[in-house]
């Protein structure tokens, strides 16, 4: 019996080279799968870390915003205090000039008027300054704690 050409040639899967190539391909596929799994794990770990950092940054931003609000409020209060101080100083100066009293006495007059009218001291001082600028009269009340110079 004569062998045909096809009988003499082994199929590609039966050759040692083909077997080695299949083994290499299978090994490469397994290594690739391992690398992909590692890559996926690393990517997931990085995403989790990034989420935590973003959350921390958001908290830090909120903290910073709160600190900024606190600073703005403090600045507002300081400016208000300075304006009040200046206004009270102007009113005291006007009272000292018109009533011929000391700085302490002028402050006592403003305080007494504030208590009598149940108003803030700065509001009374503002009225003294505003009335003086408008009319020359400091402040007149029924109690007469602080009166304009023309009422003397």
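The values are calculated or read from the model by the stated rules, or taken from the named source; none is laboratory data. The shown structure was predicted, so the numbers you read here are calculated from the model rather than taken from an experiment. All Cβ positions, even for glycine, are placed from backbone atoms using ideal geometry, and neighbour counts span all protein chains on display.
Observations, loosely collected:
- Number of the exception - residue 120 against (1) at pLDDT 90 or above; (2) surrounded by 15 or more Cβ atoms within 10 Å (Cβ to Cβ); (3) in contact with a helix residue (DSSP H, G or I) (Cβ under 7 Å, 6 or more places away or on another chain): (2)
- Considering residues of the stretch 78-110 that are part of a loop (DSSP other than H, G, I, E, B) and loosely packed, with under 15 Cβ neighbours inside 10 Å only, the residue modelled with the highest pLDDT: 102
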